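Colleague: The structure's right below; bear with me while I get my questions together.
The values are calculated or read from the model by the stated rules, or taken from the named source; none is laboratory data. All of these numbers come straight from a predicted model, not from anything done at the bench. Here the Cβ positions follow ideal geometry from the backbone for every residue, glycine too, while neighbour counts run over all protein chains shown. Surface areas here come from the heavy atoms of the whole protein model, side chains and all, with no ligands, DNA or RNA. Shrake-Rupley method; radii C 1.70, N 1.55, O 1.52, S 1.80 Å.
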Amino acid sequence: MSETRTFRTEVRKVLDLVVHSLYTNKDIFLRELISNASDAIDKARFESLTNAEIAQKWRIAIEIDKKGGEIRISDNGIGMNAAEIDENIGTIAKSGTKAFLEKLAENKEVSAPELIGQFGVGFYSAFMVAEEITVESKRAGTADPAVLWRSKGEESYELSEGSRKDQGTEIRLRLKPNNDDYFEAWKIKDIVRKYSDFIEYPIHLVETGKGSQKEEAEKPLNSMKALWTRKPEDVSEEDYSQFYTHLSHFGKDALSRIHFSAEGTSNFKALLYIPAEAPPFFMPQDLKKRDIHLYVKRVFITDSCEELLPDYLRFVKGVVESEDLPLNISREMLQRNPQIEKINRNLTRKILSELSSMMEKNRDKYLSFYANFGRVMKEGVNSDFQNREKILDLLLFETLNGEPGKLSSLKEFSEKLPPGQDKLYFAVGDDPRQTRKSPVLDSARKNAFDALLLGDPIDEYIFQTVMKYKDKSFVSLNQENPEISKSAELEEIKKEADKKHSKLLEAMKKSLGDKVKDVRFSDRLVSSPCCLLADKFAPSRQMERIMKAMKMDAPDSKRTLELNPSHPIVRKLCAKSSEGKDDATIANFAELLYGLALVADGEAPPDGAAFVENISALLSQNN
Ligand code: ADP
């Protein structure tokens, strides 16, 4: 009995893309099917540890049947029963699919096959070359009957009972015209060697000749070399690079790799790669995903062991093989396992020291790493207290005295402070370019002091929690803070203004009302007319915005408007106040200065139209 079902909408969209887009590289369909076969054997092998029914001699076969117009990929892995096949390849359970489709539609540069590999829409890629696919599968270790799944990759698929007796899965592809290459043994060999050489199970090539006789080559197509178990000096660059392609599904080389083996209290081997590029996009669920495969004594345990690396190193890919863990370790047991924790600490140390030596020896390479993953690394400062100092040392910032765009480490910054400066000043803005011009930097500029120019709200959060680097403390220039050095000259001017124009400040404060905490003359502004300062321990505006976006409790704290008594606009205002101008004029000026201070902070004045009117009026005045 057979039953026809329609694909879910997302699947139909994926299929449509697979079938109708022009791909640069159709060959990857084989990589995807082999990788599925290998995963299926991994699972069966894992179950066989506790279920004697499953024990098998593992193998994957690729059968070329030119006469019959088919190629067939089979494995003796875990297999699927009817419900599983329906679930696994009739729907796409993965939430990434929608994002995949959107990304593909908007971003033509990322090639579709690369995305297909990454998102696990792998099976469907076979429709690039096949006009009809039949899957026959039998679930291992159960009495479930075999199941047959058939589809032309259009609207629907058909399900019926199969006749397969052995556990595992066979995928039959009836090839589309003009795909005859795939009937050639050399072609299949080529693809397997290129993409699937490290697959742990032998991949055999079977050719169906005349009279349906099957010929099988004695030697498997793949070398099955598990690189990580070898000594680094015995592995060629090419092998390393191919293995990375195999792990990452990306055609590009990694930026750096770490291959080592640990002995002593913890025995394991690791081969890790730091990617050259961030994946096309990070999705929130990626936070828990790790591209770290875990093996125990050559047995595959999982391809995403999140316990092996801290969140902030989630971009690292690789393989870890432990000698100490029990073979039958379950997912639950991986959590809080002391051996796993030891490996985690060890890997973390190694990665941080690799990055630190990259930063010292090859700054350009490090800059490219930092551009991709610097943001992620920063999360570590407040989550990995053991390594906090090391992570801080890996962060880079623009500085006031440095050239725009040039990044310095905290060490470089703090060791080169100008004479007289003993605090690590920093200013916050939406990006370093904008921050560089911020009025809050006036006093630093005047004193020729240096300051970190922050453009990322997490930086501010970091400095406010860390508070010190080595023996020097961080001081925010966006806050009111008595620790900020001033000059005697500016203080004198401020005192003078305070004396003469206290009435003006009162009037402005009254007219601005709730918008500000206070209005004051400044002893730190030099060339800017005004600025807004937060309370000493209050977050900056940028930080508040982020906290609100994250739905955190952000206090809508009021800031103090500081006026530069030497600035022409302020002087004009003082003159008007002394002349006893009416309240409306003072109120207009107050709004104007408040608006300017907001704009300098990257914000819009609350009433844009009134602000423009105000400025226009001022500009058209002659005096
Ligand atoms: P992915 O392999 O990334 O999960 P696919 O679309 O390639 O995505 O496969 C979907 C699912 O179908 C797999 O997760 C697996 O559960 C199942 N599957 C595919 N091929 C096989 C196979 N040869 N044996 C057993 N299950 C398979």
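Colleague: Below 12 angstrom from the Cβ of Pro275, what's the summed charge of the other residues (Lys, Arg +1; Asp, Glu -1)? Each step should come with its number before you reach the end.
Modeller: Numbers: positive: Lys252, Arg257, Arg314, Lys317; negative: Asp253, Glu277, Asp291.
Its environment carries a net charge of +1.
Colleague: Cross-link candidates for Lys342: which lysines have Cα within less than 20 Å, leaving aside residues fewer than 8 places away along the same chain?
Modeller: Hits, sequence-local ones excluded: Lys269, Lys288, Lys289, Lys297, Lys317, Lys350, Lys390.
Colleague: Something else about it: I'd like the accessible area for Arg541, computed on protein heavy atoms only with a 1.4 Å probe and all protein chains in place. Round to 10 Å², please.
Modeller: Counting only protein heavy atoms, the figure is 50 Å².
Colleague: When only Cα pairs under 8 Å and 6 or more residues apart are kept, what is the percent relative contact order across segment 474-536?
Modeller: Averaging sequence separation for qualifying contacts and normalising by length gives 53 percent for segment 474-536.
Colleague: Let me ask you something else. Go through segment 514-531 residue by residue and turn each phi into a ³J(HN,Hα) via Karplus (6.51, -1.76, 1.60, θ = phi - 60°); whole Hz please, and just put x for glycine and proline.
Modeller: 6, 5, 10, 7, 7, 10, 9, 7, 9, 10, 10, 7, 10, 9, 8, x, 6, 7
Colleague: Further, regarding this structure: Radius of gyration and Dmax for the chain's Cα atoms, expressed in Å?
Modeller: 32.6, 111
Colleague: If one takes the longest principal axis of the Cα atoms in the chain, at what angle in degrees, from 0 to 90 and to the nearest 10, does the Cα axis of helix 28-48 lie?
Modeller: With rounding to tens, the tilt is 80 degrees.
Colleague: Using a cut-off of 13 Å between beta-carbons, work out the net charge of the residues near Arg5 (Lys and Arg +1, Asp and Glu -1, Arg5 not included).
Modeller: Net of charged neighbours comes to -3.
Colleague: First check a/c for segment 395-476, with a ≥ b ≥ c the square roots of the eigenvalues of its C-alpha gyration tensor; if it is under 1.5, answer rounded, and if not, answer prolate when a/b is larger than b/c or oblate otherwise. Spell out each step's value before the answer.
Modeller: Numbers: a/c = 1.34, a/b = 1.04, b/c = 1.28.
The shape class here is rounded.
Colleague: Okay, next question. Can you say what percent of the DSSP beta bridges in segment 227-367, counting only those with both residues inside, are antiparallel? Round to 5.
Modeller: Percentage antiparallel, nearest 5: 75.
Colleague: Rolling a 1.4 angstrom probe over the protein chains, ignoring ligands and nucleic acids, what is the accessible area of Tyr461 in square angstrom, nearest 10?
Modeller: 100 Å²
Colleague: What is the percent of Cα-Cα separations in segment 320-472 that go past 28 Å?
Modeller: 31 percent
Colleague: Leu453: net charge of surrounding residues, Cβ under 13 Å, Lys/Arg +1, Asp/Glu -1, itself excluded?
Modeller: Result for the local shell: -3.
Colleague: Let me ask another. Modelled label-to-label distance, Glu53 and Lys470, 7 Å Cα→beta-carbon offset: nm?
Modeller: Rounded to a tenth, the inter-label distance reads 6.7 nm.
Colleague: Could you give the length gained by full extension between Glu403 and Ser212, i.e. 0.36 nm per residue of separation minus their alpha carbon distance, to one decimal place? It would help to have the intermediate numbers written out before the result.
Modeller: Working: separation 191, 0.36 × 191 = 68.76 nm, distance 7.31 nm.
Difference between extended and current length: 61.4 nm.
Colleague: Turning to a different aspect of this structure: Which part of segment 372-392 falls in the paramagnetic zone of Lys252, meaning amide N under 19 Å from the point 7 Å along Cα-to-beta-carbon?
Modeller: 372-377
Colleague: So what is Rg over Rh here for segment 438-482, counting just Cα atoms and using Kirkwood for Rh? Present the calculation step by step, with values, prior to reporting the outcome.
Modeller: Numbers: Rg = 11.0 Å, Rh = 11.6 Å.
Rg divided by Rh gives 0.95.
Colleague: May I pose another question? Compute from the Cα atoms of segment 488-620 the Rg and the Dmax, the latter being the longest Cα-Cα distance, and quote both in angstrom.
Modeller: 15.3, 49
Colleague: Give the whole-number value, in cubic angstrom per residue, of the convex hull volume spanned by the C-alpha atoms of segment 227-367. Please list the in-between numbers first.
Modeller: Values: hull volume 16.7 nm³, N = 141.
Spread over its residues, the Cα hull of segment 227-367 gives 118 Å³ apiece.
Colleague: Follow-up. Would you please state the base-10 log of I(q)/I(0) at q = 0.25 1/Å for segment 143-226, with intensities from the Debye formula using one equal scatterer on every alpha carbon?
Modeller: Results for segment 143-226 at q = 0.25 Å⁻¹ read -1.19.
Colleague: What percent of all Cα-Cα pairs in segment 566-612 falls in each 5 Å bin, counting up from 0?
Modeller: All Cα pairs considered, the percentages come to 5, 21, 26, 21, 17, 8, 1.
Colleague: Give the residue list of GluC sites (Glu not before Pro) in segment 525-614 that are DSSP loop and have at most 15 other beta-carbon atoms within 10 angstrom.
Modeller: Values: sites: Glu544, Glu562, Glu579, Glu591, Glu603, Glu613; in loops: Glu579, Glu603.
Taking segment 525-614 and a limit of 15 other Cβ atoms within 10 Å, the loop GluC sites (Glu not before Pro) found are Glu579, Glu603.
Colleague: So, one more: Based solely on its DSSP helices, what 222 nm [θ] is calculated for the chain when runs of n ≥ 4 H residues each add -39,500 (n - 2.57) and the sum is averaged over all residues, nearest 500 deg cm²/dmol? Provide the component values of the computation, followed by the final result.
Modeller: Values: 20 runs with 237 residues, N = 623.
Helices in the chain give a 222 nm mean residue ellipticity of -12000 deg cm²/dmol.
Colleague: Let me ask you something else. Express as a percent, rounded to the nearest 5, the fraction of DSSP beta bridges in the chain (both residues included) that run antiparallel.
Modeller: 75 percent
Colleague: In percent, how large is the relative contact order of the chain, given Cα pairs closer than 8 Å and 6 or more residues apart?
Modeller: Relative contact order, the chain: 8 percent.
Colleague: How tilted is helix 363-378 with respect to the longest principal axis of the chain? Cα atoms for both, answer in degrees (0 to 90, nearest 10).
Modeller: With both axes taken from Cα atoms, the answer is about 90 degrees.
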